[in-house]
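A.B. asks: Quick one: this structure, given as structure tokens, is what I'll be asking you about.
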Amino acid sequence: MCIRDRTNIGRAMVGDVIKFRNCRILRGGQVITDNLWVQDGKVIDPEKRFWEAKAERQFAADRVVDCHGLLIAPGYIDIQLNGAFGVDFTCADLTPEQLDTVAAGVLQQGVTSFCPTVVTSSPEVYRRVLPLLGPRKGSAAASGILGVHLEGPFISECKYGAHDKTLIRHPDQGGQSLSAMYGSEFERCAKIVTIAPELPGALDAIAAMSEVGIVASLGHSAADLDVATNGVRHGATLITHLFNAMNPFHHRDPGIVGLLGATDHGAEDGVFFGLIVDGIHCHPASVRMAHKASPAGVVLVTDAMMAMGLSPGEYPLGTMQVEITDRAYIAGTTTLAGSIAKMDSCVRRFREDTGCSIVEALEAASLHPAQVLGVATQKGTLESVSYTHLRAHETPEHLVCRLLLEKKKKKKDEHT
């Protein structure tokens with residue numbers, strides 16, 4: 001829930017200090033009762049401000065917002081969003097205006113940053129859409145973009161899911177295959193690449209991505225645990241939508257899922273894994289198992305496609321047609337094709353399925369994806385500026401985007 005007078009907050013003048021009082025704050029892995037001070041899009045340290053002030057008026061806030069005990073949490077970060085509100089990021093005719101529509105729409109759901117996701121396509125499509133989907137700043141009106149998630153075409157022909165099988169390719173030339181496929185804007189615009197580690201040249205491609213700060217994510221793969229482990233040793237740090245488009249867990253051959261229990265892959269902080277908790281892609285028992293195995297590795301993703309926010313019907317996803325009812329299927333099949341879930345509902349369902357704390361649920365959609373992308377010093381936390389520098393372009397309502405009510409809703413006129 002957001003404060004009703006957020007429009008006034010958004011009109012704060014440059015340099016104005018806003019004090020959110022009487023609130024609970026998700027900070028440092030716990031919920032604390034404190035005030036939150038924000039200036040020019042940065043969370044600031046009021047104690048430091050007090051000692052630097054030469055007069056009381058220099059310490060006082062320009063605006064004060066009473067939160068009436070509500071919880072302030074960092075904005076959600078969705079690292080796998082194929083589209084929404086009638087917009088498909090894989091469409092070669094994608095326009096800046098369509099991108100703005102999605103960025104504005106998901107902000108209303110608490111998502112303040114996202115990675116537009118492009119499914120398996122031709123080189124021509126990548127060259128057309130990547131320049132539009134590169135990193136850009138957010139605002140009070142729209143979410144920011146952290147870079148593109150390229151989900152293909154270097155995936156397994158055995159685990160292609162809703163992708164066009166005819167467009168799948170092998171990264172035979174390792175790192176050179178990446179620029180040859182995605183074009184000259186690849187390193188500037190890409191943030192994540194989903195890749196099947198068993199493909200010829202995949203391990204070299206993973207190492208090349210790691211060297212330039214692009215996240216290699218294992219997915220759409222039939223790899224066994226040994227191959228998956230080798231992928232992590234070469235630099236992969238993420239698993240794309242765990243349990244989906246990969247071999248199921250088996251006690252003698254756990255496959256990619258087995259990375260959650262492996263200890264010999266060399267990754268200091270373990271491996272992160274995307275989890276679609278929409279009640280369709282993963283059984284609640286599977287969600288609980290994944291959370292129990294690696295609570296710090298959970299990254300909630302929507303994997304939403306263009307029909308999110310629209311009525312039931314038939315819609316495109318890349319070159320495929322998707323039929324929407326209460327879920328998304330490749331038309332005429334029973335193959336799931338992304339989701340139509342919203343991030344805020346995924347967070348609630350995750351908490352219900354696992355019985356985890358509200359801190360764990362919120363961090364799975366904020367701090368953890370920020371850690372995956374290497375932006376945890378800018379996103380995913382509400383630490384003061386002395387510890388974490390948040391981007392100065394972010395307005396206070398963008399930064400403190402969600403004032404979340406727990407089940408006992410507080411009915412006050414100041415809130416919606």
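The values are calculated or read from the model by the stated rules, or taken from the named source; none is laboratory data. These numbers were taken from a predicted model, which means no experiment stands behind them. When we count neighbours, we look across all protein chains shown, and the Cβ atoms used for this are built from the backbone with ideal geometry, even at glycine. SASA here: full protein model, heavy atoms, side chains in, ligands and nucleic acids out. Shrake-Rupley method; radii C 1.70, N 1.55, O 1.52, S 1.80 Å.
A.B. asks: When only Cα pairs under 8 Å and 6 or more residues apart are kept, what is the percent relative contact order across the chain?
C.D. replies: Normalised by residue count, the contact order of the chain is 22 percent.
A.B. asks: Give me the percent of accessible area attributable to carbon and sulfur for the chain, probe 1.4 angstrom.
C.D. replies: Exposed carbon and sulfur together represent 49 percent of the surface.
A.B. asks: Here's another thing I want to ask about it. Keeping all protein chains in place and using 1.4 angstrom, which order do E47, E151 fall into by accessible surface area, from largest down?
C.D. replies: The most accessible residue leads, giving E47, E151.
A.B. asks: Which residue, chosen from F85, C158, C189, occupies the Cα position most advanced towards the positive end of the dipole of the chain, where the dipole is computed from +1 (Lys, Arg) and -1 (Asp, Glu) charges on Cβ about the Cα centre?
C.D. replies: F85
A.B. asks: Enter the accessible area per residue of the chain (Å², integer; probe 1.4 Å; all protein chains in place).
C.D. replies: Heavy-atom SASA per residue in the chain reads 42 Å².
A.B. asks: Using label points projected 7 Å from each Cα along Cα→Cβ, tell me how many nm separate E47 and D253, to one decimal.
C.D. replies: If labels sit at E47 and D253, their model points lie 5.7 nm apart.
A.B. asks: Using r as the Cβ-Cβ distance of Q30 and S294, and R0 as 25 Å, what FRET efficiency do you calculate, to the nearest 0.05?
C.D. replies: Computed FRET efficiency for Q30 and S294 comes out at 0.80.
A.B. asks: Then there is this: So what J values fall out for the range 324-335 if you push phi through Karplus, 6.51 cos²θ - 1.76 cosθ + 1.60 with θ = phi - 60°, rounded to Hz, Gly and Pro as x?
C.D. replies: Listing the rounded values in order: 10, 10, 8, 8, 10, 10, 4, 3, x, 9, 10, 7 Hz.
A.B. asks: Distance cut-off 32 Å, Cα to Cα: go down the list K42/K191; K48/K379; K191/K342; K137/K292; K48/K292 and report the pairs above it.
C.D. replies: As for pairs spanning more than 32 Å Cα to Cα, those are K137/K292; K48/K292.
A.B. asks: Another question, if that's okay. When the helix-only estimate is applied to the chain (DSSP H runs of n ≥ 4, each -39,500 (n - 2.57), divided by the residue count), what is the mean residue ellipticity at 222 nm, nearest 500 deg cm²/dmol?
C.D. replies: Value at 222 nm, helices only: -7000 deg cm²/dmol.
A.B. asks: With a cut-off of 8 Å between alpha carbons and a minimum separation of six or more residues, what is the relative contact order of the range 271-343 in percent?
C.D. replies: 29
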